[in-house]
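Trainee: Before I ask anything, let me first share the structure, which is written out below as structure tokens.
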Amino acid sequence: MTRRAIVSADDFGLSIEVNEAIEQAHKEGILSTASLMVAGDAAADAVRRAKTMPNLRVGLHAVTIEGLSVLRDPDITDTTGWFGRDQLALGIGYFFSPAQRRALRREIEAQYRLFAKTGLQLDHANAHKHMHLHPTVGRFLIESGVEHGVPAIRTPMEPAAPFGEAEKTADRALRYWTQLLRSQIRHAGLKTNDSCFGLRWSGKMTPERVAKLIPSLPKGVSEVYFHPATAQNEQMAYFMPGYDQAGELAALLSADVKNAFNDAGIQQIGWRDI
């Protein structure tokens, strides 16, 4: 079993700073894939840039937490159409409330439809803050995805071994929830990755760290995802305090990181290549 990797970036469309970084990382670095927030403040700018980069593979980054919705349904958003930040409260509502489940299904479908209107080919789908680990969010993301021809869904399973660590309780819990998600994905006949890297060091995927991580990637398909930006605006600083997004951009542009992939013989692929 060979080692292959998908190098991706989340939050495309969140801000101009993110879009600038994704464009630079694709044109000058190793970034091949980006996930689009269709209701993001800079979504139109992201789509415009993507259309000038035919080799950039773009998927849906579905927002069901901490972001602006498309439909602004009051059953799941505030008066401004914004999803809340409380993951536990949202998760309980999405699971137990019929009204919230109906609103959530409509919202995810609306985000897929808005993506379709961009004219971009739908490469994959995942959810902001990995909310598709929630069985209801995951189910709707997959069901609507099948209708819109999505080929693959991210499984955010980050093994401990490549970090030289023993598996902890949090790792075992993550493994349980990702097994449920992986079962949903495979039952729908879609593709997914074997491993995913970017959780432990979210916002801190710096060149030195990533270059050391790459040789230890496990067999199979690993997604290595980033949150690059040329700078943090006010909103980003509020929601992502402590993130070194410029450092993550530097990793995507780093010759050392590129050489680490080449030296390890790890083929860089896209979701449709799985």
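Trainee: How large is the Kirkwood hydrodynamic radius of the stretch 142-217, counting all unique pairs of alpha carbons, in Å? Write out the running numbers ahead of the final one.
Mentor: Values: mean 1/r = 0.0721 Å⁻¹.
It works out to 13.9 Å.
Trainee: Sticking with this structure for a sec: Go through the stretch 151-160 residue by residue and turn each phi into a ³J(HN,Hα) via Karplus (6.51, -1.76, 1.60, θ = phi - 60°); whole Hz please, and just put x for glycine and proline.
Mentor: These are the phi-based 3J(HN,Hα) values: x, 8, 10, 5, 10, x, 9, 10, x, 7 Hz.
Trainee: Still on this structure: On a straight-distance basis, which lysines could pair with Lys27 in a cross-link, Cα separation under 27 angstrom, same-chain partners fewer than 8 positions away excluded?
Mentor: Straight-line reach from Lys27, under 27 Å: Lys51, Lys117, Lys129, Lys191, Lys204, Lys212, Lys258.
Trainee: Okay, next question. Using only DSSP helix segments of four residues or longer, with each worth -39500 (n - 2.57), what per-residue ellipticity at 222 nm results for the chain after dividing by its residue count and rounding to 500?
Mentor: Details: 10 runs with 115 residues, N = 274.
After summing the helix terms and dividing by residue count, I get -13000 deg cm²/dmol.
Trainee: When the chain is treated as a GNM, springs tying every alpha-carbon pair under 10 Å, which of Ala246, Ala50, Ala166 comes out with the largest mean-square fluctuation?
Mentor: Ranking Ala246, Ala50, Ala166 by mean-square fluctuation puts Ala166 first.
Trainee: Remind me, relative contact order of the chain in percent, using alpha carbon pairs under 8 angstrom and six or more residues apart?
Mentor: Details: 531 pairs, mean separation 67.6, N = 274.
Answer for the chain is 25 percent.
Trainee: Could you pull out the longest piece of the chain with no exposed loop trypsin sites (Lys or Arg not before Pro) in it, calling a site exposed if DSSP puts it outside H, G, I, E, B and it has at most 13 other Cβ atoms within 10 Å?
Mentor: Details: sites that count: Lys51, Arg85, Lys168, Lys219.
Here the longest segment lacking exposed loop sites spans 86-167.
Trainee: How big is the gap, in Å, between the Cα center of the stretch 253-272 and the Cα center of the stretch 183-213?
Mentor: Between the Cα centres of the stretch 253-272 and the stretch 183-213 lies a distance of 14 Å.
Trainee: Continuing with the same structure: Counting C-alpha atoms alone, how compact is the stretch 1-135: give Rg to one decimal and Dmax as a whole number, in angstrom.
Mentor: When restricted to the Cα atoms of the stretch 1-135, Rg and Dmax are 15.5, 51 Å.
Trainee: Based on Cβ point charges of +1 for Lys and Arg and -1 for Asp and Glu, what charge dipole magnitude is obtained for the chain about its Cα centre, in debye rounded to the nearest 20?
Mentor: Using Cβ point charges on Lys, Arg, Asp and Glu, the chain gives about 880 debye.
Trainee: Separation of the stretch 42-85 and the stretch 215-251 by C-alpha centroid, Å?
Mentor: After rounding, the separation between the Cα centres reads 18 Å.
Trainee: Could you look at the chain and say what percent of its accessible area is carbon and sulfur, using a 1.4 Å probe and all protein chains?
Mentor: 52 percent
Trainee: Something else about it: Based on DSSP H assignment, which helices of the chain show an axial Cα extent of at least 15 Å together with a mean Kyte-Doolittle hydropathy greater than or equal to -0.5? Intermediate values should be presented prior to the final figure.
Mentor: Numbers: long enough: 16-28 (18 Å, -0.87); 98-117 (29 Å, -1.06); 135-147 (18 Å, 0.32); 169-187 (27 Å, -0.87).
Span-like helices in the chain: 135-147.
Trainee: Please report the equivalent ellipsoid semi-axes of the stretch 165-261, computed as sqrt(5 x eigenvalue) of the Cα gyration tensor, largest first, in whole Å.
Mentor: On the way: eigenvalues 136, 67, 39 Å².
They are 26, 18, 14 Å, listed largest first.
Trainee: So in the chain, what percent of DSSP beta bridges are antiparallel if you round to the nearest 5?
Mentor: Restricted to the chain, the bridges split so that about 5 percent are antiparallel.
Trainee: In cubic angstrom, how much convex hull volume per residue do the alpha carbon atoms of the stretch 96-250 span?
Mentor: Numbers: hull volume 23.3 nm³, N = 155.
Looking at the stretch 96-250, the number lands at 151 Å³ per residue.
Trainee: I want the local charge near Thr33. Using Cβ-Cβ distances under 9 Å, sum +1 for each Lys or Arg and -1 for each Asp or Glu among the other residues.
Mentor: Values: positive: Arg57; negative: Asp123, Glu223.
Here the charged neighbours net out to -1.
The values are calculated or read from the model by the stated rules, or taken from the named source; none is laboratory data. All of these numbers come straight from a predicted model, not from anything done at the bench. As a convention, Cβ positions derive from the backbone with ideal geometry for all residues, glycine included, and neighbour counts pool all protein chains shown. All accessible areas refer to the heavy atoms of the entire protein, side chains included, with ligands and DNA or RNA removed. Shrake-Rupley method; radii C 1.70, N 1.55, O 1.52, S 1.80 Å.
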